[in-house]
Structure formats: C-alpha cells, structure tokens
Amino acid sequence: MDIREEFLKFFESKNHERIASAPLVPDDATLLFNNAGMVPFKSIFTGEIPTPANPRATSCQTCIRAGGKHNDLENVGHTARHHTFFEMLGNFSFGDYFKEEAIAYAWEFITEVIKLPVDKLWVTVHESDDEAEELWQKHVSKDRIMRFGDADNFWSMGDTGACGPCSEIFYDQGEENFNGPEDKMGGEGDRFLEIWNLVFMQYEKNAKGEMTPLPKPSIDTGMGLERVVAIKEGKTSNYDSSLFMPIILSVEKLIGKEYEYASGASYRVIADHIRTALFLLAQGINFSNEGRGYVLRRILRRAVRHGYLLGFREPFMHKLVYDVIAIMGGEYDYLAVKSAAVKEQIELEEARFFKTIESGIELFNEELKNTKETFSGEVAFKLYDTFGFPLDLTEDMLKEKNLKLDSAKFEELMTEQRTRAKAAWKGSGDDAVHGDFKELLEKFGENTFVGYEFLEHSGEVLALLDENFKHVDVLKENSKGWVLLDITPFYAESGGQTGDIGELKGYAKVEDTRKFFDLNLSQISVSGEIKVGDVVDSIVDISRNEIIKHHSATHLLHAVLYDVLGDHISQAGSLVDTDKLRFDFSHPKALTEAELAEIETRVNNDVLRAIDTKTEVMGIEDAKESGAKAQFGEKYGDEVRVVSFADASVEFCGGVHVSNSAQIGSFIITKESGVSAGVRRIEAVCGNAAYKHFTEQRRLIKEAQTEVKNLDILAGINRMKSNIKELKDELVEAQNSAKVEITTNEINGVSVVVEELTSGDIKEAIDELKNKNEKLCAMLFQVKGDKILIAAGVKNAEAKAGDWIKKIAPILGGGGGGRPDFAQAGGKDVSKLAEAKEEALKFITEVLS
C-alpha cells in the first residue's frame, strides 16, 4: 500500500486541494528548514495573507529537524522513530471545518483506508477539552481516551498568536515488544507510538498570555509517514521498514559486516543522513561553514564518522544515492535529475573529511605521549569539535591503551558549545518581513506587471506602505516607503535577477522592487508628496538594459557549460546585476584555462549569431517535454514562461531579456572559483561592464608598458628578469667575498658558536656549520635596520634550540621559537645585542656543562 498516495487521495475526496511539498528551505526567515507540514501555510494561519479560494488543503511535506528548537539529530539511530529528514502527511482547514470533521476524517482514514486495528488505537485530548472527548466517543470507547495537560496536548505557534488544544492518536505496539516502566500512555517508552496530531487552532494569545476565541478556528494536522509505513509493515522500528532497510543492506554489503539491530546504530545514522544530504543537495543547498550549508556539512560528516566506526576508510556515502532514489525517486523526480551532480558533491566532501579523520588520529597519538592514566578532556573535545571524532570512537581507542578519559572536562566543554549553538540557532539570518499584505491582497489582488513590453507606463497608486510595511494614505517629501501600483513596469527581484530601479516622474525615486506574497511593490524615496489614488508615470531606469544583457548571457552560459563540461551540470545559484553576472553550478573540480577559453568563445559565438529571443507561455508539462531547463525551488504554476535562443538555450524563466543575443555585446569571464565541495562559480561581464573591463585592462597594459619601458610587455619583463638574475649573482659573489670566518669554541666535545653575522643568510650559515661539525650548538645574530634577526641550531647535543632562543629573544625585545634542532626569532632592541650574546653563551655553557 502506498500510504502517501492513499492519504492524499482520501483528503482529495473530502474536497481538499492537493498541495505539492514545498522546498526544504522555507519562505520564513525565522526558520532554517521546513520542520512541519504547516510551515508552508503559516502566512494563511497567521492572517498575513487571505484564505485561499479552497479553504481545505492536504500535503505530504518533506521536513528536516536538525538544529534549533526542533532538533532530533543526537537521537537519530539510537531510537526507533527519530529522523533528521522525514515526510509529514497533513490536512488543513483555514477557517472551514473544525473538530468534528477533523476527528471523523482521521478515524475514517486510519480504520477504513489503511485499516489499523481499532483495539490498537488510543486517543489523547487536552485536560480542558470536553468537546473533543465527546466527539471522539462517537468513534472510540471512553476508556481509550486520555486527558493530558499543556505539555502534551496544547500547541502554540509562538509566544503570541494562534494556539489551541490538540488531540493525538497513538498505536499500541504491544506489551510483548515493549514492557518497561515507561511503556504506558503518557510515558517515554516506545510501546504507545504517536502517529497523528490534530491541532485545533481556536484561540489567539496576546503578550500577557491571555487567550480569546478566534472567529474562524482552523485545523492543522500532522502524521509521520515513516511511522505509519513501519506499522503497516509490522515493524516496531521505522528503520526496519522498506523506507530504510534497502539503504541499510547496501551499507552492510559495502562494509562486509552483518547488520544487527542491537549494535547497528551506525547503520541507521547513515541510512537517515544520506536521505537528508541527498534532498538538501538536490534542492540546491551546498556544503559551507555557515547557515543551512553548515547543517548539511555536519550531517554528512556525522554519517561519515559512523562509517569510520564500522570500518570505512574511504568515501562510501555517495554509493548510497541511487538506493535512496530507488525508494523515493518516484515521488520526487528531481532526485534522479540531480543525482550525478549530488554524488560528486558528496564524494568530494567525504574525501575531504576522511583526510580530517587521519589528522585527528595524529593529534590523538601526539596526546598519548603526554598521557599517563587519564586522557585530556580538552583534546577529546577538540577531536570531536574540530576533527569530527565521536566520543565513543575516542573512548574505544583509549580502551585499547587501558587509559581513562577526563569525561568531566569533556562534558563541561560540550555544555558550553551547546549553549553557544542554542544561542546561534535563531533562523536563517534574514530579516522577517511582516506587514499589511493581507489587506492589500484582499482589497486589490495581485497587481499587473507590464515590464516585458514597456519600460514606461502610467499607473494608479493603489496603496502606500511606510518603511515598516504599514498602510498609510500619504508619503511626505523626503520620506521612504513602498508603493503598490495597479500596473507596473518595474521587475521585482526574482530568479537571481535584481529588482528594477527608476522613478515615478515628479513624485519619487524607485530604489528597489520586490515581491511580497505575489504583490509587486517598489521601494521609493519621495521627492514630492505622493498619495493613494495619484496617477503616476513609471519610468524604468536605463540600467535595466545592462541587467537584461547579463541575464540573457547567463542563459547562454548555462547551456554552454552543459555542453562543454557534461550533463551533470546543475545550477546552484545565480546573480544578475547591472555590472556583472555570477553563476554557481555543480562540478567536481576547477575549470582549466582551456575549458574557460572554450566556454567564453562559445558564448560569444552565440552572441555574434544574433539569435532572436523567443518567449512562450505554455503548460508546465509541455514545457518540460520541450527540454526547457527548470530550477528547483522556483514556484511554477500550471502555465510557465519559456525563454529560448533558438537551439542555443531553452529555460523556464520569468525574467526580462534582450530581444536579440547580439544586444549582449560581448561576454568576458572575469573569475572562476570554488564555492563549496562540488560547486564552482563563474563571474562574467557583458555590455557596458565588458567595455569598462576592456578599458581597465588597456590602462593596466599601458601602465605596465611604462614600468617595463617597453611596448612589448613580455620582452620588457624578460629583460628585467635577466637583470635581476645578474644582480643576484653579483650579490652572492659579494656576500661570499665578504664572509667572515666564524669562531668556534668547544664545550664538553660540542662545538659552540655565538656570533653576529653582518651579511649573508644566517639560516644557511647555521646549515653550513652543521655540515662542518659533528656536534654543534650555534646562535647567530644579524642586524637588519632597526630590527635584529636571531637563529639557533643544535646537532647531536643535549640542548634544544627552541628553549635557547626563548631565553635570549626577550632580551632583545622579541620572541620566537621552533624545533629542538632549529629555531628563529626577531628582536627590536639592537642596543642589547652585546648583552644577548653574553647571555646566550652563558646559557648554553650551563646546559652543556
């Protein structure tokens, strides 16, 4: 039985609209990831935007919980039901039906569609919710309904806002399987498994904690797909189900060790984390050291650590990608489309981390030399935090040496880290935007964009918002705010293309244009008072001409990359501005000069072909069949806009473009670099920016010609190199002729040198002394302007160069250090040179005596 499909079909039969899973990255600046089925509908529940035409919805939402308030990471693999990535089935009512229908639908689906046995089902309600208990008694006996308090059965969206009691449905997995003291309703054991939570949003909570009834209460429900699949397959652990076992068996085959549940936590961690990594990478999140990319990196590296525990010593996670696709690719077809690129990214990140693990082992072995009975908690924490070593791996390695760990210190440092991490997990880092958008949408709907055809157009001011997005009737001179025009030629930032600037003639300067809940709003700086109802002339700035050149060039670049580098190329991000374009794409290694030259040449050839731009609006399935490239995460309706340049490029795109490729002018790659493991970036310029680039290069060439005193720059450089070589040779000759014979004394069979060297290289001088003497302790000084250089060397003697130089350098107002056989330092007080030499000889004499 396909539980996912059965659920969605069931609620469609109850007049719910099926909504596709939203991207894992939400349109919510307070969250890193979508972590529940209701997140994509949050703006409806909070009243920021109007209720949709159909106030009923159902979805299967992909979710991630790994960081912040909802963080299941440390439990994954060690419990039967926790995951970093999971799918949440849900049905939603936006002010339509309420408790009676929600309860009836849930019971019908569970008992009649997926046919869970009634004698295995239990229900909880909030201790104050008599209504819910009474409604449940229509379906289940009263002795199977239990009441709990706020901690278990009350839900709030935040400290303020919509909230209400909830009712949870539990499945009894059997006393024969779970019979511990916590295996009871309300306990922490696994016997009674929560499978569905019905949230009754019926109150509004204010800052004082006071609750008032909502005029139109709503329903938000969430059912864990993985849990229900396991139950239907007769499994007591999600990991034993068909959603995970094929992955676990592949790990078993790769490592050659049989999987056993009791000792198999590492297998389960790997099976969970490969799903998370695949979905995030396929949706365009890349490995990085901050934000979402950092969560992705930690998740993959945690899986690799567990692979290391199993015995893996080289990348293996990438080999599991197709196992996940075999299970989930039917529902999420973009996984297969992105599979080649994702595999490469995972393998590169794994390889990088396996090198880190080896470095960690080196640190471990170094610390062993300083350990008698108890291994340092600080080093164990550094192994965990910097090198990614799990504590149990460190403990296993210590057991082999019969050593203990300073666990108290380790836990102290872990607690500090958790405190810092908790403070850091605030969300995406973006500013959340709240305002009077619902009012505008209800009153006016979406406004009309005419910027494909017009750069100037008149329009009526439908609404004005201040800088805090609050409705105002007038914006005074010298104030700032936002304007909603009924008809606008200004393009709102989207798909990597920056928003238009320009002017409302005689009224305001347009500084940016953005979309908020599909409203096209322009940010304005007012020069003359502007009021709601004014009719204004909108003029898009001439800079739009440069933006569209870079945008069209980006399409051509994307297509050429695909041809030159291979079909694994996948867009990972872009920026299109007036003076540059930036394009991120999946590729495992840096591009060669030859590849960059070919790419640049081919894009310019497409420019020179003077290809007419063709735009068509077509059904989304027709667009896909045409071969047009789509970008994951972009919102596409039933109809999409397709932009093509003959056979050179065909893409889904809502942006603005040149009418003919020749208008791009020229295309110059200015930089190629790495963004993260498996992701490269090309930066380029077109049009006026390309002209500026050429003029700057020409200026630099003329400057270079002046510097090398030759119109042929390479000839001038070669002449200078020849002159430099001659001067170096002359310098070496002069230094050799000026060499001072260094006096050597002997102390207990060791040659000792403490001298000032006026010229030459003091490090080379020490190397020469080592070659001439079997046993040596030498310290040389050299004055360079107002500074002094010090170098010390030791060979076959009971002294350490590092200790010696640490003793002497402070006399000269400096510091330094090094190895036992060689060390160097610098000083600032030349006047103390004689004292330093005297102390150096005294110190080494005492050491050797």
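What to note about this one:
- The residue that is modelled with the lowest pLDDT, among those in segment 375-391 that are open to solvent by less than 10 Å² (accessible area, probe 1.4 Å) and closer than 15 Å to Leu403 by Cβ, is Leu383.
- Condition check for Val123: under 26 Å from Lys232 (Cβ atoms), without any contact (Cβ under 8 Å) to a residue 60 or more places away in the chain and either crowded, with 17+ Cβ neighbours inside 10 Å or among the aromatic types (Phe, Trp, Tyr) (or both): yes
- Within segment 455-481, the residues that satisfy the criterion of being surrounded by fewer than 15 Cβ atoms within 10 Å (Cβ to Cβ) and either touching a Cys at 6+ places or on another chain (Cβ under 6 Å) or part of a loop (DSSP other than H, G, I, E, B) (or both) are Glu467, Asn468, Lys470, Asp473, Lys476, Glu477, Asn478.
- One residue from Ser543, Ser552, Ser586, Ser527 being closer than 29 Å to His693 by Cβ and surrounded by fewer than 21 Cβ atoms within 10 Å (Cβ to Cβ): Ser543
- Selection of first residues in segment 675-694 that are modelled with pLDDT under 95 and of a type in the set (Asp, Glu) and of second residues that are in a helix (DSSP H, G or I) and surrounded by 22 or more Cβ atoms within 10 Å (Cβ to Cβ), restricted to Cβ pairs under 6 Å at least 6 apart or on distinct chains, gives an empty result.
- In segment 765-811, the residues that are without any contact (Cβ under 8 Å) to a residue 12 or more places away in the chain and in a loop (DSSP other than H, G, I, E, B): Gly785
- Every residue from segment 326-356 that is touching a residue at least 12 places away in the same chain (Cβ under 8 Å) and farther than 18 Å from Asn286 by Cβ: Ala326, Ile327, Met328, Glu331, Tyr332, Phe354, Thr356
- Verdict on Glu100 being at negative phi and either without any contact (Cβ under 8 Å) to a residue 40 or more places away in the chain or in contact with a Phe, Trp or Tyr (Cβ under 9 Å, 6 or more places away or on another chain) (or both): yes
- Scanning segment 183-210 for residues that are free of Cβ contacts under 8 Å to residues at least 24 places away in the same chain and open to solvent by 80 Å² or more (accessible area, probe 1.4 Å) gives Lys184, Glu188, Lys208, Glu210.
- Taken together, Ala106, Ala80 contain a single residue that is touching a residue at least 60 places away in the same chain (Cβ under 8 Å), crowded, with 16+ Cβ neighbours inside 10 Å and either polar (S, T, N, Q) or more than 15 Å from Val199 (Cβ to Cβ) (or both), which is Ala80.
- Listed conditions (1) open to solvent by 50 Å² or more (accessible area, probe 1.4 Å); (2) modelled with pLDDT under 90; (3) outside any helix (DSSP H, G or I) are all met by Lys728, apart from (3).
- Residues that are closer than 29 Å to His16 by Cβ and either buried (at least 23 other Cβ atoms within 10 Å of the Cβ) or aromatic (Phe, Trp, Tyr) (or both) are absent from segment 292-299.
- In segment 246-272, of all residues being in a helix (DSSP H, G or I) and free of Cβ contacts under 8 Å to residues at least 12 places away in the same chain, the one that is surrounded by the fewest Cβ atoms within 10 Å (Cβ to Cβ) corresponds to Ala262.
- Scanning segment 817-849 for residues that are touching a residue at least 24 places away in the same chain (Cβ under 8 Å), within 24 Å of Ala797 (Cα to Cα) and assigned to a loop (DSSP other than H, G, I, E, B) gives Pro820, Asp821, Ser849.
- Top-ranked residue in segment 2-60 [being over 18 Å from Val228 (Cβ atoms), touching a strand residue (DSSP E or B) at 6+ places or on another chain (Cβ under 9 Å) and β-branched (Val, Ile, Thr); ranked as least open to solvent (accessible area, probe 1.4 Å)]: Val39
- Taking the conditions (1) acidic (Asp, Glu); (2) surrounded by fewer than 20 Cβ atoms within 10 Å (Cβ to Cβ); (3) farther than 30 Å from Glu598 by Cβ in turn, Asp500 satisfies each one other than (2).
The values are calculated or read from the model by the stated rules, or taken from the named source; none is laboratory data. This structure is a prediction, so every number in the text was calculated from the model and none was measured. Note: ideal-geometry Cβ built from the backbone for every residue, glycine included; neighbour counts use all protein chains shown. Please note that ligands, DNA and RNA were not included when accessible areas were found on the heavy atoms of the full protein model with its side chains. Shrake-Rupley method; radii C 1.70, N 1.55, O 1.52, S 1.80 Å.
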